[in-house]
Amino acid sequence: MKLIFPNGEHAQVLLSEGINRIGSAPDAQVRLDRPDVAPVHCELQVSGGMVTVRVPDPSHPVRLNGKPVQGVMAVRGGDEIGVAGVVARLVSVEPAARTAGKTADPDQDTGATRLRMAVPKYVLRGVSGPVFGKTFPVPGPQVIGRSEECNICVPAEEVSRRHAQVRPAADGLNVEDLGSANGTFINGQRIQQGLLKPGDELRLDTIRFLLVAPGMEIAAAQRGAGKSAAERPGIGWIVAVGLAIAAAVAAGWYFFLR
């Protein structure tokens, strides 16, 4: 088993059999030198391919897939562990596949490993408020809201306890408002149900997310996310018309001067 850190706060860590500690202590297997991280924030115990997480001190909370860890909980490949804002994902590793049709040769075994992880097709990236700069993979149905029981917890008063749900679809995320007080919006349009496509903006009152898909240029999309959908199409149409008029005028002057 291995821990990876999608946001780059720590290098990948290959977990060893027994107890692996995450904390700020110098001897922690995963050391996170942050003010909110306790010396031993949590423990991951590996036993025969099974992994469990335990929190020694409840005053230093840990989240498993967005939910608070209580007692000892099992962790599976693909699960996410949140420690003081740092997200680590547990992935399985196995010996690299042999060449098909050939007998395994022990003398040529390099011991190489490959990751066995289902990379989420879509990721929500926070672009405002308490979620700014954070990323939230959407591997399956996810509830977004203020409650700690939500898959994506947004600690903001304007967000309802269970605000909205997103579900992966072939060409984006199906979004459903769960009876929120302040509304759910896709590109500035309030919806009860709707489709969020890559590059589109999801807004829960004033909290905004951008939907990112693999291969998408995030920086360019973020620049667009600073404007509402109503602004973006309107500006694009005006710019297009303006360019067409400018081209026509330039062509007229050219032929006039000739």
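Brief remarks follow.
- Candidate set: the stretch 161-190, residues that are touching a residue at least 40 places away in the same chain (Cβ under 8 Å) and part of a loop (DSSP other than H, G, I, E, B); chosen: the one nearest to Leu210 (Cα to Cα): Asn187
- Test: residue in the stretch 12-25 that is closer than 24 Å to Phe136 by Cβ, under 20 Å from the mean Cα position of the chain (by Cα) and of a type outside the set (A, V, I, L, M, F, W, C): yes
- Residue ID - most open to solvent (accessible area, probe 1.4 Å), chosen from residues in the stretch 118-130 that are of a type in the set (Gly, Ala, Ser) and assigned to a loop (DSSP other than H, G, I, E, B): Ala118
- Extreme residue, modelled with the lowest pLDDT, among residues of the stretch 131-153 that are of a type in the set (Gly, Ala, Ser) and part of a loop (DSSP other than H, G, I, E, B): Gly140
- Annotation for the stretch 37-46: at least one member residue is at pLDDT below 90 and over 18 Å from Gly85 (Cα atoms).
- Residue, surrounded by the fewest Cβ atoms within 10 Å (Cβ to Cβ), within the stretch 78-100, restricted to residues that are at pLDDT below 85 and either part of a loop (DSSP other than H, G, I, E, B) or touching a His at 6+ places or on another chain (Cβ under 7 Å) (or both): Ala100
- Pairs with Cβ under 7 Å, 6+ apart, first in the stretch 195-222 and farther than 13 Å from Val166 by Cα, second of a type in the set (Phe, Trp, Tyr) and at pLDDT below 90: Ala213/Tyr122
- Taking the numbered list (1) more than 30 Å from Phe5 (Cβ to Cβ); (2) surrounded by fewer than 20 Cβ atoms within 10 Å (Cβ to Cβ) in turn, Glu149 passes all entries but (1).
The values are calculated or read from the model by the stated rules, or taken from the named source; none is laboratory data. This one's a predicted model, so the numbers in the text were calculated from it and none came from an experiment. Ideal geometry is used to build each Cβ from the backbone, glycine not excepted, and the neighbour counts take in all protein chains shown. Just the protein is used for accessible areas: all its heavy atoms, side chains included, with ligands, DNA and RNA removed. Shrake-Rupley method; radii C 1.70, N 1.55, O 1.52, S 1.80 Å.
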